[in-house]
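The values are calculated or read from the model by the stated rules, or taken from the named source; none is laboratory data. Since the model is a prediction, treat every value here as computed from it, not as a measurement. Cβ atoms come from the backbone with ideal geometry, glycine included; neighbour counts cover every protein chain shown. When the accessible area is computed, the model is the full protein with side chains, heavy atoms only, and any ligands, DNA or RNA have been set aside. Shrake-Rupley method; radii C 1.70, N 1.55, O 1.52, S 1.80 Å.
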Amino acid sequence: MAKTKYLELFLFILEYLYERLLRLIRGVESMDEEYVEGKVVIVTGANSGLGKVAALEFARRGCTVIMACRNVQQGQIALDEIKKKTNSETLLVRELDLADLSSVRKFATSIRQEFPVIHILVNNAGVYSDADQLLQTKDGFEMHMGVNHLGHFLLTNMLIDNIKRAAPSRIVNVSSTNQLIADLDLDDIMLRKATSLGFQNSLPYNNSKLANSLFSLELSRRLYGSEVTSYALCPGLVQTEVFRNFSPFRKFYTKMNILLFGLTAEQGCETIMYCSLSKKCAHESGRIYRFSRHFNSAMKRLEPKMASRLWEISEELVQLKQ
Ligand SMILES: NC(=O)c1ccc[n+]([C@@H]2O[C@H](COP(=O)([O-])OP(=O)(O)OC[C@H]3O[C@@H](n4cnc5c(N)ncnc54)[C@H](OP(=O)(O)O)[C@@H]3O)[C@@H](O)[C@H]2O)c1
């Protein structure tokens, strides 16, 4: 059993390297993009890494960009930087802490009143810790599942009427290749049975990233016919701050990998922009992308039944119907 898992992991790494090589040879995938000047876009986690580059790219195209950040000061610094580069007058920072559902509700309530139509929602923010002990959000959820999945689940659902009003509109969920090595038990999504993670210390992150893709799939099913499309993507291995909570050894090891096989934040953001703007994928709701192409090995492993069950569990956890 363990041997099969290692073999699988080895094949995934080979597949990644092959696609990375293709990306190097072919360059950026052309996307034939939609005209988005004046459209309203929300990017979560827009103060650093991929979110910040995405905010800049949308600002460059004349969008109204709502930078949803947990630290407003950090958000403002990023906004000033983007403004300098793009001369955009339509950028704003709003506070959103995905580790606290009351913050998500406050953010969504004010945004849906202020912006009756929302054209693109990029669920990008994410945490990744390799701590041996499980961490918790303010609401008592396992931190990765809480921030990366449940916070975005509630946010998206609270904004959905405004997104529908803007149709054709898009919801872009930043997942990860790590979804391929997830081991998500729907009877225990908070990993309460695990006391210490040991060698499995990436499991909470991997599971939350699988949850991102399952959410995207189920969202596409529920939105069928509405002209709101939903996408999941892996940005590749990217030089950002996401590994900031790693132990020194793992940080060093990850940096070496990025140096050899990784992408810059600008390159990593290409797939976010592709899913947000490309006419080529305008009708491909529910799919997963990597390097701006179909990420078939991830897609094949997504089970619609699991996606639907995860939705019901998430709905109960965030008390969506109350
Ligand atoms: N970099 C990679 O190689 C890679 C690979 C696969 C997938 N991804 C995914 O890409 C996404 C963006 O990550 P990144 O690489 O750009 O890393 P990053 O630079 O660390 O950006 C993560 C963003 O998420 C925000 N965030 C974290 N916790 C939050 C919370 N509780 N509420 C609101 N915002 C929160 C961070 O805010 P603070 O600055 O305040 O912490 C930051 O703005 C993540 O979903 C990550 O899982 C990245």
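Numbers below:
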quantity: Selected residue (only one of 55, 59 is at negative phi, away from the ligand (no atom under 13 Å from the Cβ), of a type outside the set (Lys, Arg) and open to solvent by less than 30 Å² (accessible area, probe 1.4 Å)); calculated: 59
quantity: Filter result (within 17 Å of residue 291 (Cβ to Cβ), surrounded by fewer than 10 Cβ atoms within 10 Å (Cβ to Cβ) and of a type in the set (Val, Ile, Thr)) within segment 2-48; calculated: 25
quantity: When residues of segment 109-144 are limited to those that are small (Gly, Ala, Ser), open to solvent by less than 30 Å² (accessible area, probe 1.4 Å) and within 13 Å of the ligand (Cβ to nearest atom), the one nearest to residue 230 (Cα to Cα); calculated: 125
quantity: Selection count where residues are over 17 Å from the mean Cα position of the chain (by Cα) and farther than 20 Å from residue 218 by Cβ, scope segment 120-141; calculated: 11
quantity: Count - residues of segment 92-142 that are hydrophobic (A, V, I, L, M, F, W, C) and in contact with an Asp or Glu (Cβ under 9 Å, 6 or more places away or on another chain); calculated: 6
quantity: Cβ pairs under 6 Å, 6+ apart, first in segment 162-189 and of a type in the set (Ser, Thr, Tyr), second open to solvent by 20 Å² or more (accessible area, probe 1.4 Å); calculated: 169/119
quantity: Test result for residue 226, among the hydroxyl-bearing types (Ser, Thr, Tyr), open to solvent by 20 Å² or more (accessible area, probe 1.4 Å) and closer than 30 Å to residue 166 by Cα; calculated: yes
quantity: Residue 251, sole failed condition from (1) in contact (Cβ under 8 Å) with a residue 60 or more places away in the chain; (2) within 15 Å of the ligand (Cβ to nearest atom); (3) open to solvent by 10 Å² or more (accessible area, probe 1.4 Å); calculated: (1)
quantity: Matching entry among 303, 270, 218 (being under 27 Å from residue 18 (Cβ atoms), open to solvent by less than 60 Å² (accessible area, probe 1.4 Å) and not β-branched (Val, Ile, Thr)); calculated: 270
quantity: Odd one out for residue 259 among (1) more than 9 Å from the ligand (Cβ to nearest atom); (2) crowded, with 20+ Cβ neighbours inside 10 Å; (3) of a type in the set (A, V, I, L, M); calculated: (2)
quantity: Residue in segment 29-39 that is within 12 Å of the ligand (Cβ to nearest atom), among the aliphatic types (A, V, I, L, M) and closer than 23 Å to residue 283 by Cβ present; calculated: no
quantity: Any hit, segment 151-168, residues being surrounded by fewer than 15 Cβ atoms within 10 Å (Cβ to Cβ), away from the ligand (no atom under 13 Å from the Cβ), of a type outside the set (Lys, Arg) and modelled with pLDDT under 95; calculated: no
quantity: Breaking point among (1) within 13 Å of the ligand (Cβ to nearest atom); (2) open to solvent by 30 Å² or more (accessible area, probe 1.4 Å), for residue 295; calculated: (2)
quantity: Some residue of segment 202-215 being more than 13 Å from the ligand (Cβ to nearest atom), in contact with a strand residue (DSSP E or B) (Cβ under 8 Å, 6 or more places away or on another chain) and under 30 Å from residue 109 (Cα atoms); calculated: no
quantity: Of all residues making up segment 228-248, the number that are farther than 18 Å from residue 203 by Cα and either over 14 Å from the mean Cα position of the chain (by Cα) or near the ligand (Cβ under 7 Å from one of its atoms) (or both); calculated: 9
quantity: Sole residue being surrounded by 20 or more Cβ atoms within 10 Å (Cβ to Cβ), under 17 Å from the mean Cα position of the chain (by Cα) and under 22 Å from residue 36 (Cβ atoms), chosen from 174, 147, 104, 93; calculated: 174
quantity: Members of segment 306-321 that are among the acidic types (Asp, Glu) and surrounded by 14 or more Cβ atoms within 10 Å (Cβ to Cβ); calculated: 315
